[in-house]
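Report on one structure; see the data block that follows.
We did not get these values from a lab; they are worked out from the coordinates using the rules stated. These numbers were taken from a predicted model, which means no experiment stands behind them. As a convention, Cβ positions derive from the backbone with ideal geometry for all residues, glycine included, and neighbour counts pool all protein chains shown.
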Amino acid sequence: MDKKTALVWYRRDLRMADNPALVEAARLGLAVVPVFIWAPEEEGDWAPGGAARVWLHESLKSLQMTLKERGLTLLIKKGPSLETLLRTAKECGAEAVFWNRCYEPALIERDKAVKAELQAKKIEAKSFSASLLFEPWEIKTQQGTPYKVFTPFWNQLLAKPEISKPLEEPKLKPAASAGNGLKIEALELLPSIPWDKGIRKAWTPGESRALQALEKFSSGPVNAYETGRDRPDETGTSRLSPHLHFGEISPRQIWHALRKNKKGLVYLRQIAWREFAYHLLYHFPHTPRDCMRPEFRAFPWERNARLLKAWQKGGTGYPIVDAGMRELWATGWMHNRVRMIAASFLVKDLLVRWQEGAAWFWDTLVDADLANNTLGWQWVGGCGADAAPYFRIFNPVSQGKKFDPQGVYVRRWVPELAGLDDKWIHEPWKAPAEVLEKAGVKLGRDYPEPGVDHEAARRRALMAYEKIKSGKNQTR
């Protein structure tokens, strides 16, 4: 083969190990020019939100430093991907472009067009699977159709041949001429008002930190994950989700680190749930905007800007919900059990469209992932594939008592309630006046009264569901 230089187009695969695009360039003996192109307009309605942009800024800095240690320069570019790749290839004398696949609907179409045009210009273009254990089209029902229920999908995944081992980081040749790129700061990923201090304090993006997080999780918390994952007051989760979203670590790396631990299978089921989310997004690309179950298009949602704002800012009057929403705002992340409680509260207690919650999470989560976000919200809303039954409505008080029994999590994120006894921490409106006074809490001043009564809201939600079951509502 006479090609001498290849562009490796980084996207959401910001790592060196288990990176098939890099490995292919090394296998062919090509000099490598790593390039990252910022073109959010190509992602349609799902360009990275504010919190994700903060993470991306820091992750690019980490990758840039790693590549520099290996004698390579990460070219930072801005503009239409195809034009930028063609121009960069010409500048570098590159005759090949390699990249790892994305599966969001807009990016699939973009990448198809890019590959076709590159090949038309006699530039070799290859894409690889790097962010999933299996391609979305590789797991099918016996009828050859996509799965819509997770458990048989999981069983089919387990029945597949052994998942291939992660690829080792290749030795790369730097190109003689890499051309000129921008500074990461030129992408303007960081907010003009420094609201991101909490994210920076809570997280260190980058491949090395991702591997450290996996090692920490696999050496202890994974053994108690089955119960520990539900306790926001404890450190029982992996906190790998943003590293996984940005490709600082691959699912194959996680799978092989945990597969020999029998207790690790509980966590690997969560990795398979992520696979299921991508499987659904690929086969049902309309779902980020529309319900999987069409009857829910007629659901009588309510529009209440005041209650939506209270939910977003952690002022609903239900401590476990408010703690989660404040953790999200402060750190760009929320414990998964609390995500379910908060999401259920929005769509069932407040009857606000799930799309409003999905949009808020998209902008505030560092691990905002279109496939996972869509599946999670439709699951809670009862309107998606393998969704929780609509009548499963989380009680924020009993959920708080069960999973934050001493109120540790609530006191951390709702400090105005810190003086309350455990008995009242999850339902302060029931506390006697003298207890509230002793704790220095005046409801309506220091902490809001509940915006809705949960039991009444539950009955209202079930009545709304009955309307669409009986076909009384017209599709809006």
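Within straight-line reach of Lys260, meaning a Cα separation under 21 Å, sit the following lysines at least 8 residues removed in sequence or on another chain: Lys160, Lys165, Lys216. Cβ-to-Cβ counts within 10 Å put Trp333, Trp429 in ascending order as Trp429, Trp333, the fewest first. Our estimate of slack between Glu138 and Ala186, defined as 0.36 nm per intervening residue step minus the Cα-Cα distance, is 13.3 nm.
Cysteines in the chain that lack a partner Cβ within the 4.7 Å cut-off: Cys92, Cys102.
If a/c stays under 1.5 just call it rounded; otherwise compare a/b with b/c (prolate if a/b is bigger, oblate if not). Do that for region 5-130, with a ≥ b ≥ c from the square roots of the Cα gyration tensor eigenvalues.
Because a/c hits 1.5 or more and a/b fails to exceed b/c, region 5-130 counts as oblate.
Over all directions, the average projected area of the alpha-carbon convex hull for region 323-451 comes to how many nm²? Walk me through the numbers on the way to the answer.
Details: hull surface 31.7 nm².
Answer in nm², one decimal: 7.9.
On full extension, the segment bounded by Arg306 and Asp446 gains 48.6 nm, given 0.36 nm per residue less the C-alpha separation. Taking every alpha-carbon pair within the chain, the share separated by more than 44 Å comes to 17 percent. Cα gyration tensor of region 347-411, axes a ≥ b ≥ c as square roots of the eigenvalues: rounded (a/c below 1.5), prolate (a/b > b/c) or oblate? Oblate. Loop-located chymotrypsin sites (Phe, Trp or Tyr not before Pro) in region 57-147 (DSSP state other than H, G, I, E, B) with a sparse environment of at most 16 neighbouring Cβ atoms within 10 Å: Trp137. Rounded to the nearest 20, the Cβ-based charge dipole of the chain about its Cα centre (Lys and Arg +1, Asp and Glu -1) stands at 440 debye.
Between the amide H of Tyr447 and those of Lys442, distances stay under 5 Å, these residues lying 5 or more places away or on another chain, with hydrogens modeled in the peptide plane. With the Cα gyration tensor of region 308-381 giving a ≥ b ≥ c as the square roots of its eigenvalues, does the rule (a/c under 1.5 for rounded; else a/b larger than b/c for prolate; else oblate) give rounded, prolate or oblate? Oblate, since a/c reaches 1.5 and b/c is not below a/b. The reciprocal of the average 1/r between distinct C-alpha atoms defines the Kirkwood hydrodynamic radius, which for region 388-462 equals 13.4 Å.
By how many nm would the segment from Thr151 to Asp422 lengthen if fully extended, with 0.36 nm per residue of separation less the alpha-carbon distance? Please report the intermediate quantities before stating the final value.
Numbers: separation 271, 0.36 × 271 = 97.56 nm, distance 3.75 nm.
Length gained between Thr151 and Asp422: 93.8 nm.
For region 5-130, a simple Cβ point-charge model (Lys and Arg +1, Asp and Glu -1, everything else neutral) yields a dipole of about 320 debye relative to the Cα centre.
Round to the nearest 0.05 the FRET efficiency obtained for Ala456 and Met65 when R0 = 56 Å and r is the Cβ-Cβ distance. Display every interim value, and only then the final one.
Details: r = 55 Å, r/R0 = 0.99.
Calculated transfer efficiency: 0.50.
Each Cα pair under 8 Å and six or more residues apart adds its separation to the average, and for region 294-469 the resulting relative contact order is 27 percent.
Taking GluC sites (Glu not before Pro) that fall in a DSSP loop and have at most 15 other Cβ atoms within 10 Å as cut points, what is the longest piece of the chain between them?
On the way: sites that count: Glu138, Glu162, Glu168, Glu188, Glu302.
No qualifying site falls inside 303-476, the longest such stretch.
Taking other Cβ atoms within 10 Å as a rough exposure proxy, Thr374, Thr151 sort from fewest to most as Thr151, Thr374. A straight line joining the Cα centroids of region 11-29 and region 190-241 runs 26 Å.
Arranged from fewest to most other beta-carbon atoms within 10 Å of their beta carbon, Val97, Val441 become Val441, Val97.
A DSSP coil position with no more than 12 other Cβ atoms inside 10 Å describes the following trypsin sites (Lys or Arg not before Pro) in region 285-320: Arg289, Arg303.
If you average the alpha carbon positions of region 316-387 and of region 58-99, how far apart do those two centres end up, in angstrom? First find each Cα centre; the distance between them is then 35 Å. Computed per residue of the chain from DSSP H runs no shorter than four, each worth -39500 (n - 2.57), the mean residue ellipticity at 222 nm is -13500 deg cm²/dmol.
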